[in-house]
Every structure is written in structure tokens, then in C-alpha cells.
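The values are calculated or read from the model by the stated rules, or taken from the named source; none is laboratory data. Model, not experiment: these values are computed from the prediction. Reconstructed Cβ throughout: ideal geometry from the backbone, glycine too, with neighbour counts over all protein chains shown. Please note that ligands, DNA and RNA were not included when accessible areas were found on the heavy atoms of the full protein model with its side chains. Shrake-Rupley method; radii C 1.70, N 1.55, O 1.52, S 1.80 Å.
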Amino acid sequence: MVAALVMVPVCVVVTSIFSTEDEIWQHLTATLLPRLLTNTLWLALGVMIGTSLLGVSLAWFTAVYTFPGSRFFSWALFLPLAIPAYVTAFVALGIFDFTGPLQTTLRKLFDADLFWIPDIRGGPGVAVVMTLAFYPYVFLLARNAFLTQGKRLLEVAQSLGLNHRQGFFKVALPMARPWIAAGVMLALMETLADFGTVTIFNYDTFTTAIYKAWFSLFSLTAASQLASLLILIVFVIIMTEQYFRSRMRFAESKQSARIERIRLTGWQAVAVTTFASTVLFFAFILPVAQLTLWAVDSFSDSLNQRYLEFVWHSLSLAIIATILTTFAAILLAYAARLHTGFLTRFAVRLATIGYALPGAVLAVGIFIPLAWLDSLLSDWLLVLFNFESGLLIQGTLIVMLIAYMTRFMAVSYFPLESSLTRITRSIDEAAIGFGISGWKMLGTVHLPMLRSGLFTALVLVFVDVMKEMPITLMTRPFNWDTLAVRIFSLTSEGEWQQAALPALTLILVGLIPIILLIHQTEK
């Protein structure tokens, strides 16, 4: 049932590609599609290159070398994960745009036009912002790979006549390639799914086109057809990621990797520390500092009854979605433990594919069948009871909650599945010996032992729902705004200062899983 729930929106969107009678779609194909493909391609390429360069280099330095601040940077460079990319985007515009404080100050100082400063609103500006937001995915996986390789691998390379630089490019980097590829794929998927950042920069990609086709052209057909093209792109990326994952065959034990690191001295130590400090400054310190200044200035205007309503909506929605999603994930993980056949494993794989799909695609795919069901129910009530019910499902939280469950099932499932694998079969056999089996075993034996995985799953889903923008924006009831939607509304009108307080709130919530992640990594 859970797998079917996920596959319904996917099937609805994919089958819409065969519809050819929509004039709006023909108009989009003739005018908009080439630009969407070009923008999306260049943005994806830019983020791939940027996250690879930053993530791999920082991972290598913090995993293999000791330099001033290396222990601090080994965990601090994860912190940008707590900042939604759309928050980094409007902070960057607020600071570096033509009317921002940087260019304004420079014009006053030099009394001249700053024609040599590139326009941040173009494609390169979006790519830089997304690189700063998504490089931690590559950093996390690449660093784990380099840590498992350790200094010993470099010593082997040196014994073959290679220096440190040659050892990195010819030995360490090729061995870490599957992990790096997986991290780059994660960053790429986030880039394709992003809606807030490209909207703030007014940079058209598939996600913005889906939104405009639905809400500006009022054409669900055109929106679903654009979404189907995006699904095809995502499917190709998933297959590529699976290919690289299948090649992950070489790894050393952690025991051999936790050995003494190489100490950098002189200009090399200064250069690496400066590089890590610069990345951390632009990716985390500067956005948080600017948001804090804006929030202090606008605090009295922002903190009112309406703001508390946004917070309540975000919290209540996140709590309900977290409980439902985690409950479904527990059922899914337990079913996979009890039944290890092909059908169960296939159904579990389908049920967890939703996280790879952009929120805008899921919103379209879920809204279309529910709108059909709504119309069917209304007709039945009119025929059977002569009662005009109006819309029963559309415009309610049900649409949003189904979309959230579909999107974040994988986030909840994998920590639980990982924790379940640590419970040995001998424990099950002992429980059966005491007459405990089936779902009773889950409640009395397994759930108490799943506390760690359950807590991780709850926290991750809660934070992701709090930050989710496209699903909330496209499926929420009328005038039912959350913090993420409030940020979108304010930044669409260029009111950066007013958006600072809700953005800071989301960052503080986002820091919770990052702290958990750092704690787990440092174990």
C-alpha cells in the first residue's frame, strides 16, 4: 500500500507525457522549453563542478592533514547544510546585488560605476549560491572515504615514488570516486528539485516552469507534462547513481584508517586554513550574521500575531507529517524484515523513491488524482443525496500530508532499517521462545531497541517538512501560510529584512540534525 501511494503520482505524471492536445503545451514547447533545458543544464553543470571542487578539496585537507583549526573545520564545514538554499539566495542578493550595501559602499568610495563586478542575478550567481548550499553533501561522503583510506595509502603511494600531490590524484582520488560521485549526485538532485533559489533569482528552470504552468497558465496538463520531462531526467540520474554505487567494492577498515595525520606547516598551513575559513565564511557565517542584523532591525515588525500563526502552522504540520511518515516507515521496515522476498524488496524500493523526485513534481502528481476523486465524490453525493458538497479534499491538509509522506518516506525509512539490521535474529528467536511474535514483538521487543534510529527518523522528517517549500506552496489551503511560504512571499517582493526572522527560525531548527550528524560522524 505504501509503495502504491508513492507510485500513483509518478504514474500520473509520467503518463501525461503522451497527451498532445494541449495548446498551452505546444506553446511551451515552442517558446519556453529550449530556455528551460539550457538553464537547467548549465546550472546542473555549474553546481556539479563547484560542489566537486569545494567538497573534495575540503574533505581531503580535513581527513588527511593537520593544520591550524583543522579539528574545528572538520565539523564546522557541515553547518551550511542547516541553511536552506533559498535563504542563502536572498541573503546573497541582499548583500551583493546592485542596490546592496557592498556595491553601494564601493560606489561611494570610488565615485565610479562598478562595471567590472559581474551581475549576481545571472546563471553563475545561482550556481555559486547552490554550490555553497550543497557542497557539504560531497564533503560528507568524500571525507568518510578519505578517512577510511588514511595516511597509510599515501605512504604506499610514496613507496612507489609518488609525492603527496601525485598520491592524491593517482591513488586516493580514484579510490574515493564512488563516494564522491554519490555526493555529487545528491547535490545534483537537490539542484533539480530546487524551487526557492531559482525563483528568487528569477532564473527559469523546470521547477519554476511547472509552478507557472499551474498557477499562471492554470494548466495542470502542461504542468504535469513538464514534470514528466523532469522525472525522466531524474530517472537517468538515479540509474547513474546506482551504477556508481554498484561499483563500491573497495574499502579499508576504520581501525587501519584512524592513524596519525600529516602536519602542514608554513605557507601551506596558512593557505589551507584561509581556504577553509573563506568557504565557511561565505556559506554559513555571513548569511547567519546578515540575517541576525536584519532580524534585529525588523524584530518589532515581524514578531506579531501573524508570525506566531506561521510558526504554529509550520510546527503543527511538521509534527503531523512526521508522525504519519515515521509510522508508515516503521511498517515498511518491519515488513521488509519479516518478508525478504523479491516482491517485498521491490515494493520497499518503490516506496522510498519519492525523495528523489522534486516537490513540484509530487505536488502535481498528487493533486491530479485527488482532484478527480474530489469530483467523483461530489457527483455521487449530488446523485444519491441531492447534496452539493463542493470540494471535499482539495484545499485541505490531506493533499499536503500525502505529498510529504511520499517525499520523505526514504528519510524516515533508512535510519529505521539500519537500526533494525543491528537487532540479531537470535533476539527474535528468544522472543518467540517466550511466546512473543509478530506485531507484538515489534511493540515490546524491537521498538525499545530502535530508540536511536526512531529519534533520528523523527528529527530528519520534522526538519525537512519545516523547510519544504514547493509542496507547501502548491498544495496548501488558501491563506494557510507557513514559515517557508512566508519567506517565499516576502522575498518575491524583495523584502529581505522582513524574511530574516522566519529564515533564522528555520536555520535553528535545521541545526538539530546537523549536530546529530556531526556527533555520529565523530564517533
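Assorted remarks:
Results for (1) touching a helix residue (DSSP H, G or I) at 6+ places or on another chain (Cβ under 8 Å); (2) at pLDDT 80 or above, shown as yes or no for each residue.
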| residue | (1), (2) |
| --- | --- |
| Asn163 | no, no |
| Gln166 | yes, no |
| Phe201 | yes, yes |
| Ala251 | yes, no |
| Gln255 | no, no |
| Phe275 | yes, yes |
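- Only one of the numbered conditions (1) open to solvent by 40 Å² or more (accessible area, probe 1.4 Å); (2) β-branched (Val, Ile, Thr); (3) part of a loop (DSSP other than H, G, I, E, B) is not met by Val383, and that is (3).
- Here is the figure for region 121-166: residues that are in a helix (DSSP H, G or I), closer than 14 Å to Val198 by Cβ and either open to solvent by 50 Å² or more (accessible area, probe 1.4 Å) or among the aromatic types (Phe, Trp, Tyr) (or both) total 3.
- Single unsatisfied condition, Ile423 versus (1) farther than 16 Å from Phe310 by Cα; (2) assigned to a helix (DSSP H, G or I): (2)
- Yes/no for Ser452 being polar (S, T, N, Q), open to solvent by 30 Å² or more (accessible area, probe 1.4 Å), in a helix (DSSP H, G or I) and in contact (Cβ under 8 Å) with a residue 12 or more places away in the chain: yes
- On inspection, Phe434 passes the criterion of being among the hydrophobic types (A, V, I, L, M, F, W, C) and more than 17 Å from the chain's Cα centre (by Cα).
- Phe299 being touching a residue at least 24 places away in the same chain (Cβ under 8 Å), surrounded by 21 or more Cβ atoms within 10 Å (Cβ to Cβ) and either among the aromatic types (Phe, Trp, Tyr) or outside any helix (DSSP H, G or I) (or both): no
- Where Val364 falls short, out of the listed (1) under 30 Å from Ser418 (Cβ atoms); (2) touching a residue at least 60 places away in the same chain (Cβ under 8 Å); (3) open to solvent by less than 50 Å² (accessible area, probe 1.4 Å): (1)
- One residue stands out in region 209-222 among those that are open to solvent by 10 Å² or more (accessible area, probe 1.4 Å) and part of a helix (DSSP H, G or I): the one that is nearest to Met189 (Cα to Cα), namely Tyr211.
- Selection status of Leu54, of a type in the set (A, V, I, L, M) and modelled with pLDDT under 90: no
- Only helices (runs of 4 or more DSSP H) whose full extent lies in region 61-114 are considered here, and the ones with at least 1 residues that are charged (D, E, K, R) and surrounded by fewer than 18 Cβ atoms within 10 Å (Cβ to Cβ) are 70-76, 101-110.
One line per residue, one yes/no per condition, for (1) without any contact (Cβ under 8 Å) to a residue 12 or more places away in the chain; (2) more than 16 Å from Leu5 (Cα to Cα):
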| position | (1), (2) |
| --- | --- |
| Val311 | no, yes |
| Leu317 | no, yes |
| Thr322 | no, yes |
| Leu331 | no, no |
| Tyr334 | no, yes |
| Thr340 | yes, yes |
| Val348 | no, no |
| Thr352 | no, no |
| Ala360 | no, yes |
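- Applying a threshold of 7 Å to beta carbon distances and a minimum spacing of six or more residues, or different chains, the list of pairs starting in region 103-125 at a residue that is under 20 Å from Met48 (Cβ atoms) and at pLDDT below 75 and ending at one that is among the aromatic types (Phe, Trp, Tyr) and open to solvent by 100 Å² or more (accessible area, probe 1.4 Å) is empty.
Residues are listed down the side, and each one gets a yes or a no for (1) open to solvent by 50 Å² or more (accessible area, probe 1.4 Å); (2) among the hydrophobic types (A, V, I, L, M, F, W, C):
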| residue | (1), (2) |
| --- | --- |
| Leu397 | yes, yes |
| Met400 | no, yes |
| Ser418 | no, no |
| Val459 | no, yes |
| Asp464 | no, no |
| Pro470 | no, no |
| Phe478 | yes, yes |
| Ala499 | no, yes |
